[in-house]
Amino acid sequence: MRNNILAGNWKMNCDLPMTQELISNIKKQLPEQLDCEVMIAPSHPFLYAAFNDSLDTPIEVIAQNVSQHENGAFTGEVSIDMLQSVGIKTVILGHSERRDVFLETDKDLAQKTKAAIDKGMRVVFCCGEHLDQRNTGNHFKTVTDQIEKALFDLSSKEWKQIVVAYEPVWAIGTGETASPDQAQEMHHHIRKFIADKYGDKTADKLSILYGGSVKPANAQEIFAQPDVDGGLVGGASLDADSFIAIAKAF
Ligand code: PEP
């Protein structure tokens, strides 16, 4: 009904030789029969090399971010056309590090998402609450506000290009993971929120990934939840053995 997806977010790690070695090790161990789409997100300078290294494999190379601007005087930014010119078809947007460290707003993310969708890209849209928001019972509203503000101007057709990644910020890079029940509860809430606005068909087809300290030891239990359709993985995606073990957890 909907695709399982495992996406590795390599963040600002790995130079060119390390990027190519990691891809080579993942390729060597990738099982022939996979029950998920596999995506990796290396740093921008290495996307072209990574794309070429992954040709003729099921691995999709994706980007970690993109500008909402078409082109021009935006020093340091990378455009959608640039990504597409090196073979990239999918981009992660709204990661909590982009929101918290680089101060990307819901408005920025709405613009980036719309620009990427208009150019035919797929977007892995991240959302998630901070610990204080969970502790004060505001986690559901925080997440649905993020989704509503950035994505609710899209049409049902455009939602076909969206993957949602629920990433509780308190679980990212901390070793602390949401329990399978906590993940399922939020994923179900997100799906219902989208069903209420766009209908069951759109919501049922939407892949919702969980991110936050996913490892080989916890992946199977989390992915077994009915509304969890895979994972967005940071730390454990930088090791080929762990990444492959997680891919086999579906
Ligand atoms: C992430 O960066 O999206 C992430 C989930 O990181 P980690 O798996 O290291 O918690």
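The values are calculated or read from the model by the stated rules, or taken from the named source; none is laboratory data. Keep in mind it's a predicted model, so treat the numbers as computed, not measured. Using ideal geometry, Cβ is built from the backbone for each residue, glycine included, and neighbour counts are taken over all protein chains shown.
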statement: With the first residue restricted to region 134-159 and required to be without any contact (Cβ under 8 Å) to a residue 24 or more places away in the chain, and the second required to be surrounded by 16 or more Cβ atoms within 10 Å (Cβ to Cβ), Cβ contacts under 6 Å at 6 or more apart or on different chains are Thr142/Glu129; Thr142/Gln133
query: So how many residues does region 199-214 have that are within 16 Å of the ligand (Cβ to nearest atom) and either of a type in the set (Asp, Glu) or modelled with pLDDT of 95 or more (or both)?
result: 7
statement: Taking region 65-87 and the residues there that are of a type in the set (Gly, Ala, Ser) and surrounded by fewer than 16 Cβ atoms within 10 Å (Cβ to Cβ), the one that is nearest to Lys11 (Cα to Cα) would be Gly76
statement: Among residues of region 180-198 being more than 19 Å from Ala236 (Cα to Cα), within 16 Å of the ligand (Cβ to nearest atom) and in contact (Cβ under 8 Å) with a residue 40 or more places away in the chain, the residue surrounded by the most Cβ atoms within 10 Å (Cβ to Cβ) is Met186
field: Scope region 1-21; condition away from the ligand (no atom under 11 Å from the Cβ), in contact with a Gly (Cβ under 9 Å, 6 or more places away or on another chain) and not in a loop (DSSP other than H, G, I, E, B); matching residues
entry: Ile5, Leu6
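Evaluate the following for Ile62: is it more than 17 Å from Gly211 (Cβ to Cβ) and either surrounded by 15 or more Cβ atoms within 10 Å (Cβ to Cβ) or at pLDDT 95 or above (or both)?
The answer is no for Ile62.
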message: So, in region 129-179, how many residues would count as being within 16 Å of the ligand (Cβ to nearest atom) and within 16 Å of Ala116 (Cα to Cα)?
response: 2
- line: Those residues of region 148-168 that are farther than 18 Å from Thr90 by Cβ and surrounded by 22 or more Cβ atoms within 10 Å (Cβ to Cβ) come to a total of 1
- request: Taking Glu176 as the residue in question, decide whether it is modelled with pLDDT under 95 and of a type in the set (D, E, K, R).
  value: yes
- line: Of the residues in region 78-97, those that are within 16 Å of Glu129 (Cβ to Cβ) and not acidic (Asp, Glu) number 3
message: Show the residue pairs meeting these rules: Cβ distance below 9 Å; 6+ apart or different chains; first residue within region 74-103 and within 16 Å of the ligand (Cβ to nearest atom); second residue of a type in the set (Phe, Trp, Tyr).
response: Ile92/Phe125; Leu93/Phe125; Gly94/Phe125
- request: Being buried (at least 18 other Cβ atoms within 10 Å of the Cβ) and within 15 Å of the ligand (Cβ to nearest atom) is the filter; apply it to region 216-228 and report the residue that is farthest from Ser242 (Cα to Cα).
  value: Val228
